[in-house]
Amino acid sequence: MTDLRPGFLSDAFRMDGRRALIVGGRGALARAMAATLADLGCSVALASRRQSDCEALASEIAETFGVKTIGLACDISDEASVERTVRDTVEALGGLDVLVNNAGASWWGLPQDIPLKGWQKVMDVNVTGTFLACRHAARHMIGAGGGAIINIASVGAFISFRPEDGQVVPYTTSKAAIVHLTRDLAAQWAEHGIRINAIAPGTIETGMTETLDQATQERTMRRILLGRFGVPSDLAGALALLASDAGSFMTAQTVIVDGGQSVG
């Protein structure tokens, strides 16, 4: 990045020959993330409990971008499954340079009514699962000379909701934990050349937003300075920056991509 020649910046974003694993590798967000990394030259492994969905998306990405893409089965709350997924990625792609932790769970309800199993499910997937994926990816990256890890947090880590706007205390608490986990792991593994950052999306148009009633959608929209919900591709720029050499001097940070929702 110090050689300011024509093309220096576009070259910094290129990721040709690198290998990425997206955990939580199904759905609209995973599709946008896989397309982003593939467009920059990465080969990509997509992993979730629904392997068939990951395989279907992998086929689409491979056909569209011409990079090696595979679908794997992974239960993010099961350490043996996470370890196997990292190992299978390394074997299939020849290494692991980038990990994206996109797996997530939520539980809706007033905090006084949420069953303990609901709380535990969200923490097991969002916090423990993220830690497990980071740990097993880092074990490989330490031996390989470094890498980049991107954890998907949420604007909910920075704002709180009244009951009529969102009864998601386990979810927002878990995402706040991911923000701090990102900072802690970055401090622990910097000496090994591992950069760890997070992206905190705001309200993104996915299946989850479609479950909100019209009044809740309108109230949420009024909090967003840019006056619209995000779309999955709005995360592409932040992901490209944090995964590539363009973000080589960034670690322990959370990039908020929310259209100003956390301010409004």
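Structure summary
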read-out: Most mobile of Gly71, Gly24, Gly143 in a GNM of the chain (Cα contacts under 10 Å); value: Gly143
read-out: Extension gain (nm, one decimal) between Glu205 and Arg14, 0.36 nm per residue minus Cα-Cα; value: 66.0 nm
read-out: Alpha-carbon centroid distance for the pair region 31-99 / region 135-161, whole angstrom; value: 16 Å
read-out: With Cα atoms, 0 to 90° folded angle of helix 79-93 axis to the chain main axis; value: 40 degrees
read-out: Helix-only [θ]222 nm of the chain, DSSP H runs n ≥ 4, -39500 (n - 2.57) each, per residue, nearest 500; value: -13000 deg cm²/dmol
read-out: Estimated inter-spin distance, Ala92 and Arg5, nm [label 7 Å along Cα→Cβ]; value: 3.7 nm
read-out: Spin-label pair Arg49/Gln217, simplified geometry with 7 Å Cα→Cβ offset, distance in nm; value: 2.7 nm
read-out: Among Gln217, Gln112, Gln120, residue whose mean-square fluctuation peaks in a GNM of the chain (springs only between Cα atoms under 10 Å); value: Gln112
read-out: Length gained when the stretch Ile142-Asp124 is fully extended (0.36 nm per residue, less Cα-Cα span); value: 4.0 nm
read-out: FRET E, pair Glu164, Phe249, Förster distance 41 Å, beta-carbon r, rounded to 0.05; value: 0.45
read-out: Inter-label distance, nm, simple model (7 Å from Cα along the C-beta direction), Lys117/Gln188; value: 3.1 nm
read-out: Added length on full extension, which subtracts the Cα-Cα distance from 0.36 nm per residue, Arg228 to Trp108; value: 40.8 nm
read-out: Crossing angle, helix 51-65 versus the chain [Cα axis fit, 0-90 degrees, rounded to tens]; value: 60 degrees
read-out: Convex hull (Cα only) mean projected area of the chain, reported in nm² to one decimal; value: 14.3 nm²
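Laboratory data are not the source of any read-out in this text; all were calculated from the coordinates shown. Not measured: the values here are computed from a predicted model. Note that each Cβ is placed from the backbone with ideal geometry, even for glycine, and that neighbours are counted across all protein chains shown.
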